[in-house]
Amino acid sequence: MLRSTLLLCACLLAAGFPAWPGPSASLAAHLVAPGGTSPLLPADRIEAALARLPDRSGRVVTGSGARVFWRAIDPGDYGVRTRWPAGRTHDAFPDIQFEVPAAPAPPPRGTVVLLHGWMMTGDSLLPWALRLGEAGYRTVSIDLRNHGRSDAAPVGYGTREARDVVEVVDALRARGEIVGPLHLLGVSYGAATAVFAAADPRLGAERVVALESFAVAGTAIRDMVPHMLQSAPAGWSERLARRWMQWRMDDAALDAAVAEAGAILDLPLDAVDVGAALARVPCPLLVHGGADRHVPVAHGRALAAAAPHARYLEIAGESHLSLPMRLDLLAPVVVDWFDRPACPGDVLAEHRLD
């Protein structure tokens, strides 16, 4: 979403002051498609890591006609080590060091489908794939529609994407790629997708981990845009554009942008209600950062209130960018969540998260 704001500013500047479009129209155009991959994703480093790994990948043609890319990584002794660049906090993508397993992959104890955030790709969850692989799980990462190696198709803020996930998993089951219990782990937009997918009984998901999901899409946009416009821009042109947008982007303009984007997508964004779907999801674990300003922690709390059967974990001090990379804190909890034979009621009390 950071790059969406930068692209929005650039488009405004390119148009010139006299011809600048209204703020709601400009924002709506950036709510109906991701507009590229986030500059926060170190694609070259990830590609280099993937080049060393034995994996399988392909595309499934879904009912929408879009080809959706998937990548499977088998369990193994990867010896994963993560290190953050000097002077950077956990809001940066870590350097990943690992060993290529010498032994053949053992039979998976289950399969975890990994679903990425907005303007990311399935490969952005490579640290999770390796950690879960060490725990004995095969992972299948999916590039959601409009992202990575998948085709463009109308955005659904998790709803249409969830149908793609169900169809991809169905095709991979037929190929023998889905082995043992099926679990989902999603981040942000991918977390909402995981909830909508798991609510579909055709998927047959047993456990779901949703990291920093929004509760309602329209509300999340209204919460996120003012924060993004307050973020420190890099150059004078971006500062100028953001100042103009701050001046013009009031509540009415935000409401108009949400309504216009929904009309373009034929999907009322205030009706994209993750909490309603969560009530139909078996054994969900919700995780949110207490310092999240992109999708404020109120969304996580609202989801927990909407689904009393869910377990809710809130980690103080973690932001929207840092939380998914805190594998040091979260991986033991997530693995334990997937490992238990029955839906765990007390697993969170058994892990230190400070």
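Bear in mind that the values in this text are calculations on the coordinates, not laboratory data. Just so we're clear, the structure is a prediction, and the values are computed from it rather than from any experiment. Cβ: placed from backbone, ideal geometry, glycine included. Neighbour counts: every protein chain shown.
Sorting Ser213, Ser64 on the 10 Å Cβ count, fewest up front, what's the list?
By the 10 Å Cβ count, ascending, the order reads Ser64, Ser213.
Counting pairwise Cα distances across segment 49-179, what percent come out greater than 23 angstrom?
That tail contains 35 percent of the Cα-Cα pairs.
Order these by the 10 Å Cβ neighbour count, fewest first: Ile96, Ile264, Ile73.
By the 10 Å Cβ count, ascending, the order reads Ile264, Ile96, Ile73.
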Original post:
Nearest 0.05, what FRET efficiency do Ser319 and Arg52 give at R0 = 25 Å with Cβ-Cβ as r?
Top reply: 0.25
Original post:
How long are the three semi-axes of the equivalent ellipsoid of segment 243-331, in whole Å, if each is the root of 5 times an eigenvalue of the C-alpha gyration tensor, listed from largest down?
Top reply: 28, 20, 10
